[in-house]
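Everything below concerns the one structure shown next.
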Amino acid sequence: MTGKFITLEGIEGVGKSTHLQFVASWLRERGYSVVVTREPGGTPVAEQIRSVLLEESTDEIPPLAELLLMFAARAAHLETLIRPALSRGEWVVCDRFIDATYAYQGAGRGLSSEVIEALAEIVQQGLRPDLTILLDVPLAVSLQRRAAWDQRDRFEREQDPFFARVQAAYRDIAAREPERVRTVVTDRPIEEVQADIAGIMSNYV
Ligand code: TMP
């Protein structure tokens with residue numbers, strides 16, 4: 001039996017890393033074999049592409065080039081890590097995937113969803129997350145948390161209107177695909193947030 005593919009999504013400052021670890025531990029405690037990974041990245045070559053995408057440079061990356069780099073990293077990640085793990089029956093818990101591309105490169109950068117869809121078809125060949133947990137906070141909370149970070153990458157330096165578009169796109173995806181995408185509001189006590197995530201997972205496994 002193949003494993004399941006779970007992704008976590010959300011704008012900057014929603015607490016994705018903490019909750020990703022929680023999802024992985026929750027599954028492992030129930031005996032599932034889990035691979036935790038991230039996008040862009042997850043394999044040596046995809047991590048190199050991640051550096052190109054996230055590091056500040058004097059050379060701007062045009063939006064279409066950014067999109068193609070995201071998909072180049074995804075192609076390597078799928079081929080080398082995700083598909084083999086799923087075939088072995090392992091569960092893959094991934095920090096971001098295709099929804100981030102629609103949100104950031106589509107809504108954020110203004111690239112057409114038809115172009116993204118066409119590339120997704122070529123690269124993913126029908127592979128979609130089985131479950132996506134969308135972590136959400138008010139934009140002001142995200143802004144406050146981002147402002148406190150010492151170091152910010154190419155995306156984290158974007159301004160509020162960019163993140164407003166990204167967040168709206170994520171919420172649209174969740175509204176269109178309520179079966180796959182479950183939203184959890186995270187600016188609450190962590191015990192409450194994790195109880196909600198555990199509830200989603202319990203219904204799912
Ligand atoms: P992270 O810092 O949450 O790991 O994500 C790295 C950045 O990459 C984040 O700002 C969102 C961005 N990103 C995209 O713009 N498009 C994508 O398809 C993915 C996977 C990430």
Next on the checklist: Using 0.36 nm times the number of residues separating Ala65 and Gln125, minus their current alpha carbon distance, what extension gain do you get?
Outcome noted: 19.5 nm
Checklist entry - Using only the Cα atoms of the chain, what do you get for the radius of gyration and for Dmax, in Å? => result 16.3, 48
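Can you sort Ile190, Ile173, Ile98 from fewest to most other Cβ atoms within 10 Å of each residue's own Cβ? Working shown, then result.
Values: Ile190 12, Ile173 20, Ile98 24.
Result, fewest neighbours first: Ile190, Ile173, Ile98.
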Next on the checklist: For the stretch 54-110 and the stretch 136-174, what is the centre-to-centre distance using only Cα atoms, to the nearest Å?
Outcome noted: 18 Å
Item to check | Computed over the chain: relative contact order in percent, which uses C-alpha pairs under 8 Å that are six or more apart | outcome: 33 percent
Next on the checklist: I want to check the label-to-label distance for Arg88 and Val45. Put each point 7 Å from Cα in the C-beta direction and report it in nm to one decimal.
Outcome noted: 2.0 nm
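Where a number appears in this text, it was derived from the coordinates with a stated rule and is not lab data. Only a predicted model underlies this, so the values are computations on that prediction, with no experimental measurement involved. Ideal geometry is used to build each Cβ from the backbone, glycine not excepted, and the neighbour counts take in all protein chains shown.
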